[in-house]
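Heads up: the structure comes next, in structure tokens.
The values are calculated or read from the model by the stated rules, or taken from the named source; none is laboratory data. All values derive from a computational prediction rather than experimental measurement. Positions of Cβ are backbone-derived with ideal geometry, glycine not excepted, and every protein chain shown enters the neighbour counts.
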Amino acid sequence: MSGSATYADWIAVDWGTTHLRAWAIGADGSIRASAQSDAGMGGLARDAFEPALLKLVEDWLGSAATPVLACGMVGAKQGWQEAPYVAVPAKPAQLAPMHATAPRDPRLALFIVPGLSQASPPDVMRGEETQIAGFLAAHPGFDGVLCLPGTHTKWVHLSAGEVVSFQTAMTGELFDLLSSRSVLRHSVQAETLDIDAFGDAVADTLSRPERLGQRLFAIRADATLNGTQAAVSRARLSGTLIGAELAATRPYWLGQQVAVAGAPALADLYARALAAQGVKAHALDAGPLTLAGLARIRAAQTEPSLT
């Protein structure tokens with residue numbers, strides 16, 4: 001934790017499956033303190049959410065109720081209190097946070113940003129809508145596709161500040177499972193990726209995505225028979241999965257303005273893969289987007305009504 005005994009005008013919270021992050025925001029919009037912990041939604045019973053949050057932010061609270069604006073899995077069915085999805089098309093910056101009744105401590109006035117849903121094809125997101133709001137705050141005129149790579153990568157069609165549609169790929173989760181729990185774990189334990197091998201795997205899979213299963217096992221067979229370096233095998237695994245994802249999402253990125261926001265190394269891989277297909281994608285660090293999005297949603301929440 002940085003900062004102590006800090007009274008916050010409001011508190012921003014990003015509550016994911018594995019981590020909890022919080023920021024004390026002053027009346028002038030400045031970050032007065034920040035804190036984080038491993039108390040993610042996935043490891044908490046419902047009655048453990050409030051103690052986990054208070055452990056981080058209690059020093060920031062005054063005697064009156066402090067607004068807490070939270071996004072992410074805190075609003076899932078398994079979270080602190082469910083915040084129903086909002087159907088697309090929707091403007092992320094104008095989402096109305098749900099006033100939660102779960103907190104027992106009178107010093108907490110909890111508001112949860114709802115996720116987005118799509119009826120056909122069925123899809124949902126929680127947390128990414130706030131990143132999108134942060135992206136649009138910095139790029140208000142963006143009209144195109146925003147890719148948010150991660151455990152569950154989102155491809156989001158944006159126009160006029162609105163999420164028109166989106167598509168999710170479980171590429172990150174598949175990579176984690178295959179690299180840590182499948183037979184491929186014996187071949188891909190490396191800290192780095194061979195970029196040339198990554199590019200070749202992307203191109204190969206894009207040309208024949210139906211051969212995904214065969215190409216995955218070939219990574220193990222090649223390492224066993226030919227002693228292929230782990231950095232090459234890991235790159236092939238990553239490139240094969242991302243290539244299959246690009247094949248599936250081609251209608252989103254082909255001929256579109258594309259931005260990629262994620263962890264820098266991962267965003268760079270996606271940008272490289274797209275560049276090889278003739279798409280120049282702008283890559284940026286998604287780290288600051290959640291807080292920027294929460295700030296934008298909070299500003300909309302507190303703007304005077306014209307009615």
**Fill in**
Inside region 133-163, the number of residues satisfying the requirement of being under 23 Å from Ile242 (Cβ atoms) and in contact with a Gly (Cβ under 7 Å, 6 or more places away or on another chain) is 7
**Request:** For Val113, state whether it is at negative phi, crowded, with 18+ Cβ neighbours inside 10 Å and within 18 Å of the chain's Cα centre (by Cα).
**Result:** yes
**Message:** under 17 Å from the mean Cα position of the chain (by Cα) and over 14 Å from Ile242 (Cβ atoms): is that true of Phe166 in this structure?
**Reply:** yes
**Request:** Need at least 2 residues that are among the β-branched types (Val, Ile, Thr) and either surrounded by fewer than 24 Cβ atoms within 10 Å (Cβ to Cβ) or not assigned by TED's automatic domain parsing to the domain that holds His282 (or both) per element, so show me which strands (runs of 3 or more DSSP E) inside region 129-180 make the cut, counting only ones lying wholly within it.
**Result:** 162-169
**Prompt:** Within region 195-254, which helices (runs of 4 or more DSSP H) (wholly inside it) include 1 or more residues that are farther than 30 Å from Ser159 by Cβ?
**Reply:** 195-207, 212-226, 230-248
**Message:** Which pairs turn up if I take residues in region 51-64 that are closer than 7 Å to Tyr7 by Cα and look for partners that are among the β-branched types (Val, Ile, Thr) and at pLDDT 95 or above with beta carbon separation below 7 Å, at least 6 apart in sequence or on another chain?
**Reply:** Trp60/Ile11
**Prompt:** Quick one: which of Val258, Val202 is buried (at least 23 other Cβ atoms within 10 Å of the Cβ) and in contact (Cβ under 8 Å) with a residue 60 or more places away in the chain?
**Reply:** Val202
**Message:** I'm trying to understand the selection: among the residues of region 1-60, which are of a type in the set (Asp, Glu) and either touching a Cys at 6+ places or on another chain (Cβ under 6 Å) or surrounded by 15 or more Cβ atoms within 10 Å (Cβ to Cβ) (or both)?
**Reply:** Asp9, Asp14, Glu50, Asp59
**Item:** Residues located in region 265-297, provided they are within 13 Å of the chain's Cα centre (by Cα) and either part of a helix (DSSP H, G or I) or polar (S, T, N, Q) (or both)
**Value:** Leu266, Ala267, Leu289, Thr290, Leu291, Gly293
**Request:** Looking only at region 257-264, decide whether some residue is part of a helix (DSSP H, G or I) and closer than 25 Å to Gly72 by Cα.
**Result:** yes
**Message:** Give me the strands (runs of 3 or more DSSP E) completely within region 1-87, filtered to those with at least 1 residues that are under 19 Å from Leu294 (Cα atoms) and of a type in the set (Phe, Trp, Tyr), ordered by residue number.
**Reply:** 10-15, 20-25
**Request:** Could you tell me whether region 116-127 includes any residue that is of a type in the set (Asp, Glu), under 16 Å from Thr171 (Cβ atoms) and assigned to a strand (DSSP E or B)?
**Result:** yes
